[in-house]
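The values are calculated or read from the model by the stated rules, or taken from the named source; none is laboratory data. What you see is a predicted model, and the numbers here were worked out from it, not measured in a lab. Cβ: placed from backbone, ideal geometry, glycine included. Neighbour counts: every protein chain shown. Note: areas computed on protein heavy atoms with side chains; ligands, DNA, RNA excluded. Shrake-Rupley method; radii C 1.70, N 1.55, O 1.52, S 1.80 Å.
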Protein chains: 4
Amino acid sequence: MKFEPKTTDFKKKVEQSFYRQKFMELISAKLIDIKPGFCEIQIPYDPTLTQQHDFFHAGIISTIADNAAGYAGFSLMEENSSILTVEFKLNLISPGDGELLIGRSNVLKNGRTLTICRSEVFIVKNGEEKLCAASQSTLIELKNKPDEK
Amino acid sequence: MKFEPKTTDFKKKVEQSFYRQKFMELISAKLIDIKPGFCEIQIPYDPTLTQQHDFFHAGIISTIADNAAGYAGFSLMEENSSILTVEFKLNLISPGDGELLIGRSNVLKNGRTLTICRSEVFIVKNGEEKLCAASQSTLIELKNKPDEK
Amino acid sequence: MKFEPKTTDFKKKVEQSFYRQKFMELISAKLIDIKPGFCEIQIPYDPTLTQQHDFFHAGIISTIADNAAGYAGFSLMEENSSILTVEFKLNLISPGDGELLIGRSNVLKNGRTLTICRSEVFIVKNGEEKLCAASQSTLIELKNKPDEK
Amino acid sequence: MKFEPKTTDFKKKVEQSFYRQKFMELISAKLIDIKPGFCEIQIPYDPTLTQQHDFFHAGIISTIADNAAGYAGFSLMEENSSILTVEFKLNLISPGDGELLIGRSNVLKNGRTLTICRSEVFIVKNGEEKLCAASQSTLIELKNKPDEK
């Protein structure tokens, strides 16, 4: 699907919001790509991000899926809008066993109030990508509520 | 609902698994209570766990909901079983604006292979609990696969 | 939880909307109970409603869960509002093997725009209720859009 | 993704199971296409299948999404296996206002026990397809349990 952004500086808006999230810094998440209706985030492996088998924790996998969806949606929103995740559903498909986690999300529908996205999370091991998780999210646009503190 | 644990030391098993997760240490999550088919986890506020408005990040809220569900389910599993989250769905209901996050989960059905749980996440502000998120999860029991590295 | 209805005739409003749905007639669904933030619907067994093993079809189980949620939410909405299901997630917990299906739903949160409900579906066999399915739904209130054709 | 069926007559197996479901007959659902890991189902408009605004009822939309997922997954299962839906999550994206409902589902992952699918439901109005709903499902393969009564 092809989407038209409603602001010219949607990239800057997304970047600023992304790096205002201190939790992204804690887990070394990086915003890799942002296009109208699309977002990619990456998180390199670190032992502090693991569950009991030393793989990426499901909480990290959820975080990357949810955040990619949020910013894919946010890329299409108006200048003075902020965004909230209403809900999401995530299937964990293979263990997060690898050196890098990649989250990619695409907008399915950008409605006046609600936006629906699908995300895929890939785990990279020895340079090879494998599907790790898949999610479907509902986001809400809060108009005239700029995304600042 | 009332459940019978299949091992006498289900509490020890849950505790050991919980504290083997390094991500729990990173975010200072604490296992507060574990009963057959029930689990409570708490995470105190810390600025490193926040999103762009300085509230608990949705990734932290997902983590506590998913982990509470996982250990509520794990409390009912056999001695040599490990557990994986198959999927979960989470509604974010109020902002994570407060000093403490509490996740509580109850098993709805403990089947031979699959276990279904419902979790609620509460945000505590000035000592008062408010519903912050609600989830529903599917877990799978992997028999003869002890939960160790 | 206890909710205050915003209209005095919320029961009548729900009943009229329920029986305007021709699909409810096709499957002989009955509105059994409606209170502020709660709804119960029943569907008696009929061979036309079955899947390949002669049990209630998952489509019927979804219908009763979704509709109970919709009317639990609708009971709390304003005079001139209509309601739409945004999304729901349903776990099928036991086969729909019995003579009657009961769907009950409770509102978890009634927000200004969105309402969150949890539903349980029970299958009655030889007079005994058993948990058959559990769902969690998001509904949206459309203000100044009366629920009529 | 490309999948290899485990039985040569997967099409026949799916067709026989589909038409054993009496509810499919009641709502005039037709199995249109079945390939390894893919299924398409169609339901023509009928006034008995409607909600209060004369559009396809959400229960019918759920049914087509869930059934398409089930048979997409079933196409990849072993000779003597049957299949159950564990759970699904569905977003309703546009009203079911049109003359035909089309459900298409693709397998995302076909594991040893669990299979994950994504479905899209389209509403056709004046010959034009529009995205009506999107779902994500988890299915379980029951081995040595042929899909018969």
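Laid out as a table, the results:
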item: Average beta carbon contacts from partner chains per residue of D:139-148, 10 Å cutoff; result: 1
item: Cα-based helix-to-principal-axis angle, B:10-20 vs chain B, degrees rounded to 10; result: 50
item: For D:Ser75, residues with placed amide H under 5 Å, excluding near neighbours; result: D:Gly37
item: Convex hull volume per residue in cubic angstrom - Cα atoms of the protein assembly as shown; result: 148
item: Shielding by partners, peptide B:60-69 (average Cβ within 10 angstrom, other chains); result: 4
item: Surface/4 estimate of mean projected area, convex hull on alpha-carbon atoms of region A:1-132, nm²; result: 7.9
item: Cross-link pairs beyond the 28 Å C-alpha cut-off, checked among A:Lys30/B:Lys89; B:Lys11/D:Lys89; C:Lys12/C:Lys143; A:Lys145/B:Lys22; C:Lys22/C:Lys143; result: B:Lys11/D:Lys89; A:Lys145/B:Lys22
item: Using a 7 Å Cα-to-Cβ projection, B:Glu148 label spacings across copies, nm, ascending; result: 4.7, 5.6, 7.1
item: Loop sites in region A:34-134: trypsin sites (Lys or Arg not before Pro), DSSP, at most 16 other Cβ within 10 Å; result: A:Arg112
item: 5 Å binning of all Cα-Cα separations within region A:81-149, expressed as whole percents from 0 upward; result: 4, 16, 21, 17, 14, 12, 9, 6, 1, 0
item: Theoretical FRET efficiency, 1/(1+(r/R0)^6), r = Cβ-Cβ of D:Lys22 and B:Thr8, R0 45 Å, to 0.05; result: 0.40
item: C-alpha long axis of helix A:58-74 to longest principal axis of chain A, angle in °; result: 20
item: GluC sites (Glu not before Pro) within region B:74-140: DSSP coil, no more than 15 neighbouring Cβ in 10 Å; result: B:Glu78, B:Glu79, B:Glu99
item: Region C:10-143 - charge dipole about Cα centre, Lys and Arg +1 at Cβ, Asp and Glu -1, debye rounded to 20; result: 500
item: Length-normalised contact order of chain C in % [C-alpha pairs under 8 Å, at least 6 apart]; result: 25
item: Buried area at the C-B interface (accessible, heavy atoms, 1.4 Å probe, summed, Å²); result: 1300
item: For chain B, with +1 on Lys and Arg beta carbons and -1 on Asp and Glu, the positive-most of B:Tyr45, B:Ala69, B:Thr7 along the dipole; result: B:Thr7
item: Cleavage-rule hits, trypsin sites (Lys or Arg not before Pro), region A:1-39, DSSP coil, Cβ neighbours within 10 Å at most 15; result: A:Lys2, A:Lys6
item: Check: region A:98-149 dipole with +1 on Lys, Arg Cβ and -1 on Asp, Glu Cβ, in debye; result: 300
item: Pairwise label distance in nanometres, D:Asp46 with A:Thr48, each label 7 Å out on the Cα-Cβ vector; result: 6.1
item: Average beta carbon contacts from partner chains per residue of A:40-53, 10 Å cutoff; result: 4
